[in-house]
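The values are calculated or read from the model by the stated rules, or taken from the named source; none is laboratory data. Here the structure is a predicted model, which is why all the values come from computation and not from measurement. Here Cβ is always computed from backbone atoms with ideal geometry, including for glycine, and neighbour counts include all displayed protein chains.
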Amino acid sequence: MPDLAASSKRPPPWALRILVLTYLTIFLFAPLLALGVESFREGALSLWQGITEPESLLALRNSFLLAAIAVVLNVLFGIAAGLVIARQRFWGRALLDGLIEVPLALSPVMVGLAFILIFGRTGWLGPWLSQFGVRVIFSFPGLIIATLFVTVPFTAREVIHVLSEIGEEEEMAATTLGASRWQTFWHVTLPNMRGALSCGISLTAARALGEFGAVLIMGGAITGSTHTATTWIFTAVDERNNGAALGLSLVLGLCSVALLLLVEKLRARAHERR
Amino acid sequence: MGIVVEHLCKRFGDFVAVDDVSLRVERGQLAAMLGPSGGGKSTILRMIAGLEKADSGTVELGGARVDHMHTRDRQVGFVFQHYALFRHMTVEKNVGFGLSVRKVPEDEKRARVNEMLKLMNLTGFEKRYPDQLSGGQRQRVALARALAPRPRLLLLDEPFGAVDAKVREELGRWLRNLHDELDVTSIFVTHDQEEAFSLADKVMVIAKGRLEQSGQPVDILDQPATEFMARFVGDANVFDSVVRDGVALVGRVAVPVRGFEDGSAVRLVIRSYDLKFFKQEDGPAIVHRMLYLGDRVKVDASIEGAGPIFAQFPRRSSLLRGIEPGCRIGIEVTLARAFAKP
């Protein structure tokens, strides 16, 4: 019975479980709990006033608008990137595939600065754009660019992954059956992307709502103009405006949880239909 | 619709996948492309369908060149090795797809789909999704889908590669019957010799991108054109020897050889069923092992001075009388094929 002897020396299975739970408690459950408890102590009225004050509403409007724009553009880009990277053969394809993930690794603050070098008042394109009255930095277009940059990988990555995994045979089959390129895309490729797109949409929205560094640098967190939910929370904390800080945090937290649950559900469903 | 392929070539980078292949399948034939994996069979099939572009050479379907015709206009039914069913569509939608994209009227489409499902024994599965079907059922859906738009040509890539042996045999017989009922010309790709020889009217053996031999199954079996063919079909023993007086000696076993001058070096290919073993006290060979393979017995022996040889006999064959591991035997070669030694 050598197996039994060996297993008695191993740490019991619950040891690892406790380790994982402790880790999660410290870094996940505790802050969420604190947020919940403090919000409760702050009182519903104060939270409501914090959420509904004009600056908060503007910040929320900006954040949700940015998330919506990011979702729409990234869905279109994700489909295109999937078709190009997972279906076409060309030199540099692998490089492009890797580049799409770069925004995941880069610091958003650094990226924000890089964009200022391009679009800033003395940047490469800034002076030229200002001739037409277009201002990118410290205005809403800057927020859009910042958000798009940090969200670009999510949908594209999911779509590329799914298309590579599924392979081209279904599309070839559609072609032998007489389908045109468009019919093949519409009836075969796109439905196969559906799960990937839904996941990508949720992740993109969550990331867009949560972004801080890039939108802070490129938007400048200007009161009455370029605040997003996150930069406004930052400012509110600074100004000891607890109602707004906790209220918006709660709104963002609930949105994120809802989006993540949605992703899980969609993943599970996409997995079933394999 | 007959198929004529002339001088087809295809490279993938430095790898020559198809090397100057010409072949022909007559209208109404069921032909098999047989050969080892990676030999270029599937690539040829894909080029006939237009899924792969040939580097050079021509494909004629029904007497017309189709090299510049798009796959969707070739009216070819293609069955993929892993079925390639549309995973998000029901069986019904899968089978009707070729009719939908060609804008066939709804009632006509429904009638044809039902007809195909009935023909394929799939009635009752209309609303199922591919992942709710067994391998054999998926294969039949794939066939139904390919046949629904009434293709002139049916191409099947390893059609039974992904189902287990028993279902494989059943599907094979069933494909043969189906082919005979429909007015269609078919080519199927396989690496299974038994499948090719038992189902096809014509067998084309492809290896290393080249057409080794094509013809009726019995001709391929009995008249191998090359040493490769002699060794490829069935299980064969191979010996090198030199011809003297119309006989090549393998150890002390004399093998009659025709058509070679005295002194020429030959390579002998002897199939495992073209041999007789019999017990002989001072015989030239010794039996090592006897493997009981169901209805057959495989006998491993070695010829002194020449090396191992094996033969197969029916289980109850009188040729096995008295033969056991360790005994000495005599060997009679009933049929050997000799090729000039390369």
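Annotations
- Scanning segment B:50-67 for residues that are touching a residue at least 40 places away in the same chain (Cβ under 8 Å) and farther than 14 Å from residue B:18 by Cβ, we see that the one that is farthest from the other protein chains (Cβ to nearest Cβ) is B:63.
- Qualifying residue in segment B:168-186 (condition: over 19 Å from residue B:232 (Cβ atoms), in a strand (DSSP E or B), modelled with pLDDT of 90 or more and touching a Leu at 6+ places or on another chain (Cβ under 8 Å)): yes
- Members of segment A:149-170 that are free of Cβ contacts under 8 Å to residues at least 12 places away in the same chain, in a helix (DSSP H, G or I) and facing chain B (nearest Cβ under 9 Å): A:169
- Of the residues in segment A:168-180, none is surrounded by fewer than 22 Cβ atoms within 10 Å (Cβ to Cβ) and in contact with a Pro (Cβ under 9 Å, 6 or more places away or on another chain).
- Residue A:237 without any contact (Cβ under 8 Å) to a residue 12 or more places away in the chain, away from chain B (no Cβ under 14 Å) and either part of a helix (DSSP H, G or I) or surrounded by fewer than 19 Cβ atoms within 10 Å (Cβ to Cβ) (or both): yes
- Identity of the residue in segment B:131-166, surrounded by fewer than 21 Cβ atoms within 10 Å (Cβ to Cβ) and small (Gly, Ala, Ser), that ends up nearest to residue B:31 (Cα to Cα): B:161
- For residue B:95, the stated conditions hold: it is closer than 19 Å to residue A:171 by Cβ and not hydroxyl-bearing (Ser, Thr, Tyr).
- Residue in segment A:128-137 that is among the aromatic types (Phe, Trp, Tyr), without any contact (Cβ under 8 Å) to a residue 24 or more places away in the chain and in a helix (DSSP H, G or I) present: yes
- Single condition residue A:216 does not satisfy, out of (1) out of contact with any Asp or Glu (no Cβ under 9 Å at 6 or more places or on another chain); (2) crowded, with 17+ Cβ neighbours inside 10 Å; (3) closer than 23 Å to residue A:76 by Cβ: (3)
- Lone qualifier among A:79, A:85 - being at pLDDT 95 or above and buried (at least 17 other Cβ atoms within 10 Å of the Cβ): A:79
- Screening segment B:69-85 for residues that are out of contact with any strand residue (DSSP E or B) (no Cβ under 9 Å at 6 or more places or on another chain) and part of a helix (DSSP H, G or I) and picking the one that is nearest to the other protein chains (Cβ to nearest Cβ) gives B:72.
- Within the set B:2, B:40, the sole residue that is more than 11 Å from chain A (Cβ to nearest Cβ), touching a Leu at 6+ places or on another chain (Cβ under 9 Å) and among the small types (Gly, Ala, Ser) turns out to be B:2.
- Failed item, numbered, when residue A:48 is tested on (1) aromatic (Phe, Trp, Tyr); (2) at pLDDT 90 or above; (3) under 26 Å from residue A:159 (Cβ atoms): (3)
- Pair list, Cβ < 8 Å and 6+ apart or interchain, from segment B:91-115 residues that are at pLDDT 95 or above to residues that are of a type in the set (Phe, Trp, Tyr): B:91/B:125; B:91/B:129; B:93/B:86; B:94/B:86; B:97/B:86
- Any hit, segment B:243-266, residues being of a type in the set (S, T, N, Q), modelled with pLDDT under 90 and over 30 Å from residue B:200 (Cα atoms): yes
- Selection within segment B:86-123 - closer than 16 Å to residue B:149 by Cβ, facing chain A (nearest Cβ under 9 Å) and part of a loop (DSSP other than H, G, I, E, B): B:86, B:89, B:101, B:102
- Contact map, segment B:4-29: residues that are more than 19 Å from residue B:214 (Cα to Cα) paired with residues that are crowded, with 17+ Cβ neighbours inside 10 Å, Cβ distance under 7 Å, separation 6+ or inter-chain. Pairs shown: B:10/B:17; B:10/B:18; B:10/B:43; B:10/B:47; B:10/B:52; B:10/B:54; B:11/B:17; B:16/B:209.
- Among the residues of this structure, residue B:337 does not count as one that is in contact with a Lys or Arg (Cβ under 7 Å, 6 or more places away or on another chain) and touching a residue at least 12 places away in the same chain (Cβ under 8 Å).
- Subset of segment B:27-42 [closer than 22 Å to residue B:201 by Cα and either crowded, with 22+ Cβ neighbours inside 10 Å or of a type in the set (Gly, Ala, Ser) (or both)]: B:28, B:31, B:32, B:33, B:34, B:35, B:37, B:39, B:40, B:41, B:42
- The set of residues in segment B:187-206 being outside any helix (DSSP H, G or I) and crowded, with 19+ Cβ neighbours inside 10 Å consists of B:187, B:188, B:189, B:190, B:200, B:202, B:203, B:204, B:205, B:206.
- Hits in segment B:124-134 (condition: in a helix (DSSP H, G or I) and under 20 Å from residue A:168 (Cα atoms)): B:130, B:131
- Residues within segment B:8-25 that are in a strand (DSSP E or B) and either closer than 17 Å to residue B:48 by Cβ or among the small types (Gly, Ala, Ser) (or both), tallied: 12
- Matching residues, segment A:171-229, being in contact (Cβ under 8 Å) with a residue 12 or more places away in the chain, hydroxyl-bearing (Ser, Thr, Tyr) and at the interface with chain B (Cβ under 10 Å from one of its Cβ atoms): A:184
- Residue B:131 being within 10 Å of another protein chain (Cβ to nearest Cβ), acidic (Asp, Glu) and closer than 18 Å to residue A:188 by Cα: yes
- Residues satisfying the stated conditions in segment B:1-26, i.e. surrounded by fewer than 16 Cβ atoms within 10 Å (Cβ to Cβ) and among the basic types (Lys, Arg): B:11, B:24
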